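In what follows, a single structure is set out as structure tokens and then discussed.
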Amino acid sequence: MVRDVKKAIFPVAGLGTRFLPATKSIPKEIMTLVDRPLIQYAIDEARAAGIEEFIFVTSRGKSALEDYFDAAPVIEQELRAKNKTDLLDVLKATDMDSGAIAYVRQQKAMGLGHAVWCARRLLGDEPFAVVLPDDVIAAETPCLQQMMEAYHNTGGNVVATMEVTMDKVSSYGVLDVAEDMGAMVRAKGMVEKPKRDEAPSNLAVIGRYILQPKVMENLNEKKIGSGGEIQLTDAIAREITETGNVFGFRFRGQRYDCGSKAGFLQATVAFGLARDDLSAEFSQFLAEIVAMRQAAE
Ligand code: G1P
């Protein structure tokens, strides 16, 4: 029987040094695409996939994240007094049931696998999702929900995947494919950040995972992997060797790497254009600025 997934881990302990100086005083997950912080997109996607418990793996300096999901009585009172119901509705997206959200700290930056392992006591013997908020995915059906549907057919472990060009493989976990079934592939291996000429394929893992408790157990080993860090990829690779039950899922949607400046800007433009209240003015501005640049060249 395939067990439902109700808990998700959000690793948010990273320092976000690529966005300094902004991240000197704000967590990168609070940086906004249009008017919503990155973490909001991740939470909304998890909710749509049926997640009910949200576990944040944080670090020092991330208290703005906790405040974000707390009640804001002063703002709410003010909006109610002014009868701004539309804004009160906007704020509702940040509501969390008491106890639905939990925070554990990763005291030392020892890699993604280690961050996930820090949440082990909150999971028990249950399958769980991992969502990396840096990977923002625009999709008609939210990515994790698509994966959940696929998972209910296959069981086991499901990781989001997409093809990348060979010059990019060294930035990702990469799948070695045993069987390609179209949307799903069965993996026979998974390598973290391989060199271009050592990559088993160009099928990269994107930051959405549905994992069995055995993967958490594998992380207990604290095996040091790529970059001298404890890698989630290695714990999943072990599950491949032991059970063969790891699938890559080619999601339908556009992924933005919001851990990089270029990706963040691309996402900002795409999400701005997708907004009914902004698209007309914004697309006109973009057309004009592109035309001006071309004329100047
Ligand atoms: C992490 C994972 C990697 C995965 C990537 C997706 O790497 O370790 O396997 O492909 O996320 O974004 P990071 O980007 O944190 O270095």
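The values are calculated or read from the model by the stated rules, or taken from the named source; none is laboratory data. Note that the structure is a prediction, hence the values are computed from the model and not measured. Glycine gets a Cβ as well: all are built from the backbone with ideal geometry, and neighbour counts include every protein chain shown. Keep in mind that these areas ignore ligands, DNA and RNA; they rest on the heavy atoms of the full protein, side chains included. Shrake-Rupley method; radii C 1.70, N 1.55, O 1.52, S 1.80 Å.
Relative to the longest principal axis of the C-alpha atoms of the chain, give the angle of the C-alpha long axis of helix 143-154, reported between 0 and 90° and rounded to the nearest 10°.
30
Antiparallel as a % of all DSSP beta bridges within the stretch 49-194, to the nearest 5?
Looking only at bridges with both residues in the stretch 49-194, the antiparallel portion is about 60 percent.
By how many degrees, between 0 and 90 and to the nearest 10, does the Cα long axis of helix 279-296 differ from the longest principal axis of the chain?
Rounded to the nearest ten degrees, it is 80.
Normalised by the number of residues in the chain, what is the relative contact order in percent for Cα pairs under 8 Å and 6+ residues apart?
Reported as a whole number, the value is 21 percent.
Taking every DSSP beta bridge with both residues inside the chain, roughly what % is antiparallel (nearest 5)?
Here the antiparallel bridges make up roughly 60 percent for the chain.
Hey, if you put +1 on the Cβ of every Lys and Arg and -1 on every Asp and Glu Cβ in the stretch 46-140, which of T85, I101, A64 ends up farthest toward the positive end of that dipole?
Value computed over the given set: A64.
Amide H of M190 versus every other amide H placed in the peptide plane: which residues, excluding those fewer than 5 positions away on the same chain, fall under 5 Å?
Those qualifying (amide H under 5 Å, at least 5 residues apart or on another chain) are D176.
Solvent-accessible area per residue for the chain at a 1.4 Å probe radius, Å²?
52
Using a probe of 1.4 angstrom, how much of the accessible area of the stretch 16-119 is carbon and sulfur, in percent?
52
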